[in-house]
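Input: a single structure, listed below in structure tokens.
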Amino acid sequence: MHTIIEPFRIKMTEPIHLISKEERINALANAHYNVFLLDADDCCIDLLTDSGTGAMSTQQWAALMLGDESYAGSRSWKKFEKAVRQITGMKHIFPTHQGRAAESLMAHILVKEGDIIPNNSHFDTTRANIEFRGGIALNLLSEKGMDLTANVPFKGDMDVDKLQQTIEEYSVERIPFCMITVTNNTGGGQPVSMANIRAVKHVLQKHGIPLIIDSCRFAENAYFVKQEEEGYAEKSLLEIAQEMFSYADAATMSAKKDGLANIGGFFVCQNDKWAEQFRNMLILREGFPTYGGLAGRDLEVLAVGFMEALDYDYQVYRHATISYMGRFLEQKGIPYVKPVGGHAVFLDAREFLPHIPPLHYPGIGLVNTLYIEGGIRSVELGSVMFGHFDANGDEQPSPLELVRLAFPRRVYTQSHFDYMLEVIEKVWQERDKIHGYRITYQPEFLRHFSCYFEEL
Ligand code: F0G
């Protein structure tokens, strides 16, 4: 078989700034050793996130010029609505400026103090929006999903028995809805099988509990279903996505992922009462329901982007780049979460740097060394992001110390990947020299974004 090539040519380029190692050492020191505080221009390969960082196609750029900026009922809105309805089959469709706006309004209308919201794994903003309303966000990930090294498919699946037990334990009254996140970002970008979504729906239906899908990476999930789940090989990604949404009562979306756009999101639902309440909040907080905080041109771009994300050749190429990295890590014995996810590779910093104790933040040690060595910006998902303080004020580490390399869509080519692999291998060979960090300043909430570190 031939090499799977990028299914596009490059028509417009954006220069990458190549600064020297010495300049990177200074830049990191000036950023208090927190890569969130670096200038993007100082990062030659930016893998901080796959959110809003993708490249648009010629079709999307052309669509952008067609943007109808009418306040109400614009042509661009009609196109957006048509595309989202075709994919989700939902009765009510609302654009939002990004995923968390949809989550915030959803939580506002549906969550009250003491409510329990199960999910395979809540993304941070989903959890935060639920907790902000006094709800309790429960993760019910399957056993296989918690095993970092089990190389099995669909590690994003929810534990259906635990869901059943949760309903019995807390009662239906306390569970206004259940969520499922495709793909499971915080659990390694692992997909959820259609069989699992069906099984979850089956349990929920018995109790009359609605299902809401956090669908940011719905097209990547559909790709895994087609490749790995029995009975789906002959179906198109669109048909698979349609089936998935058919089990849902509503969905939230950050279109900065599988909308292949730089901004955008939506909330969709079947229920008229939810729609009425959502519409009222949308007008109050985001904008009129036919633009929801977006420009007409964004709606145009998204209508095209959702469909391009469902293009099979595009997904084949996307997954090929990510599994290329996985194969290399496997060969070199470099520890990572197996199998590779749909949008990212997660390095296991605890195994990578066993000499650094969790509260000296091995993930930060690895993130910072990848930056110094090759200008690669990644992100820690470990004790800095998920650690907490107990009742005595003692800091408790996170059970996992991961470093996420998230891949922007259609941005980096195979030679960029080869460069990343060279840098990772060099860092692996010299891992004994990597040291831990101490926090010298931290804000009250979401400390990872803005805290300062000092080298140990
Ligand atoms: N849900 C999931 C599963 C996400 O991954 C994200 C964003 C959101 C919701 C929120 O969407 O950013 O548009 O408000 N994830 C990004 C990331 C930020 O880097 O993983 P948003």
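The set of residues in region 213-251 being under 13 Å from residue 342 (Cα atoms), within 16 Å of the ligand (Cβ to nearest atom) and not small (Gly, Ala, Ser) consists of 216, 217, 218, 220, 221, 224.
Listed by position, the helices (runs of 4 or more DSSP H) contained in region 283-354 that have at least 1 residues being more than 20 Å from the chain's Cα centre (by Cα), outside the structural domain of residue 241 (by TED's automatic domain parsing) and crowded, with 19+ Cβ neighbours inside 10 Å are 312-332, 349-352. Among the residues making up region 92-119, those that are within 10 Å of the ligand (Cβ to nearest atom) and closer than 20 Å to residue 174 by Cα are 103, 104, 119. When region 171-199 is filtered for residues that are more than 16 Å from the ligand (Cβ to nearest atom), over 23 Å from residue 346 (Cα atoms) and touching a Pro at 6+ places or on another chain (Cβ under 9 Å), the ones remaining, listed by number, are 175, 176. Summed over region 1-24, residues that are touching a residue at least 40 places away in the same chain (Cβ under 8 Å) and surrounded by 13 or more Cβ atoms within 10 Å (Cβ to Cβ) total 6.
For region 373-395, residues that are away from the ligand (no atom under 16 Å from the Cβ), free of Cβ contacts under 8 Å to residues at least 60 places away in the same chain and either part of a loop (DSSP other than H, G, I, E, B) or over 14 Å from residue 439 (Cβ atoms) (or both) total 6. Among all residues of region 231-239, there is none that is touching a residue at least 24 places away in the same chain (Cβ under 8 Å), under 30 Å from residue 323 (Cβ atoms), in a helix (DSSP H, G or I) and of a type in the set (D, E, K, R). Of the residues making up region 378-403, those that are more than 18 Å from the chain's Cα centre (by Cα) and small (Gly, Ala, Ser) are 383, 387, 391, 393, 398. Looking across region 240-259, the residues that are in a helix (DSSP H, G or I) and either without any contact (Cβ under 8 Å) to a residue 60 or more places away in the chain or among the acidic types (Asp, Glu) (or both) come down to 240, 243.
Only residues that are under 28 Å from residue 329 (Cα atoms), basic (Lys, Arg) and touching a residue at least 24 places away in the same chain (Cβ under 8 Å) were counted in region 408-456, giving 4.
Of all residues in region 414-456, exactly one satisfies the criterion of being surrounded by 14 or more Cβ atoms within 10 Å (Cβ to Cβ), among the hydroxyl-bearing types (Ser, Thr, Tyr) and within 20 Å of residue 318 (Cβ to Cβ), namely 419. If the condition is being polar (S, T, N, Q) and part of a helix (DSSP H, G or I), then region 260-282 contributes 277, 280. Cβ-Cβ contacts under 7 Å between residues 6 or more apart (or on different chains), taken from a first residue in region 38-59 that is over 22 Å from residue 374 (Cα atoms) and within 16 Å of the ligand (Cβ to nearest atom) to a second residue that is of a type in the set (Val, Ile, Thr) and outside any helix (DSSP H, G or I), are listed as 52/263.
Just to be sure, is residue 154 more than 12 Å from the ligand (Cβ to nearest atom) and closer than 17 Å to residue 217 by Cβ? In short, yes.
One residue stands out among those in region 357-399 that are of a type in the set (A, V, I, L, M, F, W, C) and under 22 Å from residue 323 (Cβ atoms): the one that is surrounded by the most Cβ atoms within 10 Å (Cβ to Cβ), which is 366. Among what's in region 252-272 and is of a type in the set (A, V, I, L, M) and farther than 15 Å from residue 81 by Cα, pick the residue that is farthest from the ligand (Cβ to nearest atom). In this case the residue turns out to be 260. Within region 260-281, the only residue that satisfies the criterion of being free of Cβ contacts under 8 Å to residues at least 60 places away in the same chain and of a type in the set (Asp, Glu) is 276. With the checklist (1) touching a residue at least 40 places away in the same chain (Cβ under 8 Å); (2) part of a helix (DSSP H, G or I); (3) more than 16 Å from the ligand (Cβ to nearest atom) in hand, flag the one item residue 398 doesn't pass. That leaves (2) as the condition not met. Can you find a residue in region 122-135 that is away from the ligand (no atom under 11 Å from the Cβ), aliphatic (A, V, I, L, M) and closer than 20 Å to residue 400 by Cβ? Checking region 122-135: not a single residue is away from the ligand (no atom under 11 Å from the Cβ), aliphatic (A, V, I, L, M) and closer than 20 Å to residue 400 by Cβ. Counting only helices (runs of 4 or more DSSP H) that sit wholly inside region 78-191, those with at least 3 residues that are surrounded by fewer than 20 Cβ atoms within 10 Å (Cβ to Cβ) and without any contact (Cβ under 8 Å) to a residue 12 or more places away in the chain are 160-170. Might you let me know whether region 63-75 holds any residue that is buried (at least 20 other Cβ atoms within 10 Å of the Cβ), among the aromatic types (Phe, Trp, Tyr) and part of a loop (DSSP other than H, G, I, E, B)? No, every residue in region 63-75 fails to be buried (at least 20 other Cβ atoms within 10 Å of the Cβ), among the aromatic types (Phe, Trp, Tyr) and part of a loop (DSSP other than H, G, I, E, B).
The values are calculated or read from the model by the stated rules, or taken from the named source; none is laboratory data. Keep in mind that this is a model prediction, so the values were computed, not measured. Here the Cβ is made from the backbone with ideal geometry for all residues, glycine too, and neighbour counts use every protein chain on show.
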